[in-house]
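S.K.: Following this message is one structure expressed as structure tokens.
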């Protein structure tokens, strides 16, 4: 299942535009992995699109263990996700996402999926707002997954639920729809993608005893 994606931050500034995919300016590329923060497109209390910073790893009230993925097949009936699916749906607009091929129980080869048309990919998420022990609220999300298409099925058995641009208003809740029709959007994507093996990360430098700054 997807464990990494890249996101162009300037897309977040264009969520008011009726067609987000018209955005062409290249901004700062942000690589997001579980437990890091990403920009999620969601509706505010007045039904307007907003880009909100949320942590990838959904936290439910009264629990501590974050949830990274939500299966589309049970998202409308499983208590963990049922309420969020009904009223707290969002989209993460990404430029690429990663999938892994399990070579051995301890080794995974990473592959990068890139859209052939160069336009952003809209990944479906559900989100929660929970009290933050440090004060205020914590916004967190889980990525929705579906069975893989033929390309991704060659390396793994799940893929992110990709929402077609024309369906964004229904998924976000701008266009009223029955929940069964919303769920029908969660299907293996026919989007034309190119898959390439990810470059190996550079070797780690020898620890010089100094603290790492983030």
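The values are calculated or read from the model by the stated rules, or taken from the named source; none is laboratory data. None of the values given here were measured: they were computed from a predicted structure. Here Cβ is always computed from backbone atoms with ideal geometry, including for glycine, and neighbour counts include all displayed protein chains.
S.K.: For the subset of the range 102-113 comprising residues that are under 17 Å from residue 33 (Cα atoms) and touching a residue at least 24 places away in the same chain (Cβ under 8 Å), which member is surrounded by the fewest Cβ atoms within 10 Å (Cβ to Cβ)?
M.R.: Residue satisfying both the conditions and the ranking: 109.
S.K.: Among (1) in contact (Cβ under 8 Å) with a residue 40 or more places away in the chain; (2) under 26 Å from residue 187 (Cβ atoms); (3) not in a strand (DSSP E or B), which single condition is residue 79 missing?
M.R.: (1)
S.K.: Within the range 81-102, how many residues turn out to be modelled with pLDDT of 95 or more and more than 20 Å from residue 122 (Cβ to Cβ)?
M.R.: Counting residues in the range 81-102 that are modelled with pLDDT of 95 or more and more than 20 Å from residue 122 (Cβ to Cβ) gives 2.
S.K.: Quick one: is residue 122 more than 15 Å from residue 37 (Cβ to Cβ) and not in a strand (DSSP E or B)?
M.R.: In short, no.
For (1) closer than 30 Å to residue 83 by Cβ; (2) in contact with a helix residue (DSSP H, G or I) (Cβ under 8 Å, 6 or more places away or on another chain); (3) in a loop (DSSP other than H, G, I, E, B), each residue gets a yes or a no:
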residue: 109; (1), (2), (3): no, no, no
residue: 141; (1), (2), (3): yes, no, no
residue: 149; (1), (2), (3): yes, no, yes
residue: 153; (1), (2), (3): no, no, no
residue: 168; (1), (2), (3): yes, yes, no
residue: 176; (1), (2), (3): yes, no, yes
residue: 186; (1), (2), (3): yes, yes, yes
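S.K.: While we're looking at this one, here's another question. Surrounded by 13 or more Cβ atoms within 10 Å (Cβ to Cβ) and within 25 Å of residue 39 (Cβ to Cβ): is that true of residue 158 in this structure?
M.R.: Yes; evaluated as a whole, the condition is true for this residue.
S.K.: Would you call residue 47 over 14 Å from the mean Cα position of the chain (by Cα), closer than 21 Å to residue 163 by Cβ and either assigned to a strand (DSSP E or B) or modelled with pLDDT of 75 or more (or both)?
M.R.: Against the criterion (over 14 Å from the mean Cα position of the chain (by Cα), closer than 21 Å to residue 163 by Cβ and either assigned to a strand (DSSP E or B) or modelled with pLDDT of 75 or more (or both)), residue 47 qualifies.
S.K.: Does the range 52-60 contain at least one residue that is surrounded by 11 or more Cβ atoms within 10 Å (Cβ to Cβ), more than 23 Å from residue 193 (Cα to Cα), modelled with pLDDT of 90 or more and touching a helix residue (DSSP H, G or I) at 6+ places or on another chain (Cβ under 8 Å)?
M.R.: yes
S.K.: State whether one or more residues within the range 130-138 are out of contact with any helix residue (DSSP H, G or I) (no Cβ under 8 Å at 6 or more places or on another chain), at negative phi and at pLDDT 95 or above.
M.R.: no
S.K.: Could you tell me which of the residues 184, 192, 166 is surrounded by fewer than 11 Cβ atoms within 10 Å (Cβ to Cβ), under 19 Å from the mean Cα position of the chain (by Cα) and either closer than 30 Å to residue 61 by Cα or free of Cβ contacts under 8 Å to residues at least 60 places away in the same chain (or both)?
M.R.: 166
S.K.: Which condition number in (1) more than 19 Å from residue 131 (Cβ to Cβ); (2) modelled with pLDDT of 95 or more; (3) in contact with a strand residue (DSSP E or B) (Cβ under 8 Å, 6 or more places away or on another chain) is the one that residue 77 fails?
M.R.: The number of the failed condition is (3).
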